[in-house]
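All remarks here apply to the structure that follows.
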Amino acid sequence: MRKPLIAGNWKLFKTIAESVALVDELKPLVAGNQSVEIVVAPVFTALCRVSNAIKGSNINMASQDCYWEEEGAFTGEVAPKLLKDAGCSHAIIGHSERRQYFGETDLTVNKKTKAAIAAGLCAIVCVGESLAERESDRTFNVIETQIKGGLDGIAEEAFSKIVIAYEPVWAIGTGKTASDAQAQEVHAFIRQLVARLFGQEVADALRILYGGSVKPDNVKGLMTQPDIDGALVGGASLKAESFAAIVNF
Ligand code: PEP
């Protein structure tokens, strides 16, 4: 009942030409796959050209961030409606790199999530604990705080436009994946928490992605877990072949 979603976060990689070349190479490799929702998230400068390149294909596009105001004197920011205008259907919000390097907080995640949804984007809201937090047994507390803060005040009806990505910070870009059981344990916790906060129906329909060194050789084990509904992929999404192998798991 929950369609798997596999999203590729290209981070700060690739020129416009390289981005277009990557989706051009990816298109035929995933063309037959109607069972997975496929999303790529290029850098801002490549959005329009990638949008043109994926027209008519089964690939969708996300921004890697957004601002919460629609317009105004906010130098350097990009509003959700402008991202929609550039061809995005999704926005990644609250990635751990934004939390770590750019002062993103649960409050800004909340504002951005509400603004993205209001503009008609699907918000991919990222949560995850650091290594120190896991080692001091605070994983569930951290996730609970992030989810309560990030999704505060969001109406039940809006959840059709929300996806949560669980990304343990210690597994991002490190080659260390959470084991299938470790990931499933947190995903189940998130689903129960969402059921408690927003109702069982919302929780049952909510897609929860896993992110953190997902590769073609570990995606299958993760995807067979009952509460894992897809993946947010960094490094392995930068090559068409490996991203396609993950999409076609
Ligand atoms: C990410 O950027 O969200 C990510 C999970 O990266 P990687 O797959 O490289 O760990």
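The values are calculated or read from the model by the stated rules, or taken from the named source; none is laboratory data. Remember, it's a predicted structure, so these values are computed and weren't measured experimentally. For neighbour counting, all protein chains shown are included, and Cβ atoms are generated from backbone atoms with ideal geometry for every residue, glycine included.
Quick notes on this one:
- Residue 171 among the aliphatic types (A, V, I, L, M), within 16 Å of the ligand (Cβ to nearest atom) and at pLDDT below 95: yes
- Those residues of the range 160-216 which are among the basic types (Lys, Arg) and over 18 Å from residue 1 (Cβ atoms), in sequence order: 176, 196, 215
- Criterion: crowded, with 19+ Cβ neighbours inside 10 Å and more than 16 Å from the chain's Cα centre (by Cα) - qualifying residue of 143, 124, 164, 154: 154
- A count restricted to the range 1-17 and to residues that are over 18 Å from the mean Cα position of the chain (by Cα) and either assigned to a loop (DSSP other than H, G, I, E, B) or of a type in the set (Ser, Thr, Tyr) (or both) stands at 3.
- Counted residues, the range 1-44 - those being of a type in the set (Phe, Trp, Tyr) and crowded, with 17+ Cβ neighbours inside 10 Å: 1
- Search result, residues across the range 1-54 that are of a type in the set (Val, Ile, Thr) and either touching a helix residue (DSSP H, G or I) at 6+ places or on another chain (Cβ under 7 Å) or touching a residue at least 40 places away in the same chain (Cβ under 8 Å) (or both): 6, 16, 20, 23, 30, 36, 38, 39, 40, 45, 50, 54
- If the condition is being closer than 19 Å to residue 34 by Cβ, near the ligand (Cβ under 10 Å from one of its atoms) and surrounded by fewer than 20 Cβ atoms within 10 Å (Cβ to Cβ), then the range 205-249 contributes no residue at all.
- Residue count for the range 87-103, restricted to those that are surrounded by fewer than 20 Cβ atoms within 10 Å (Cβ to Cβ) and either closer than 21 Å to residue 152 by Cβ or touching a strand residue (DSSP E or B) at 6+ places or on another chain (Cβ under 8 Å) (or both): 5
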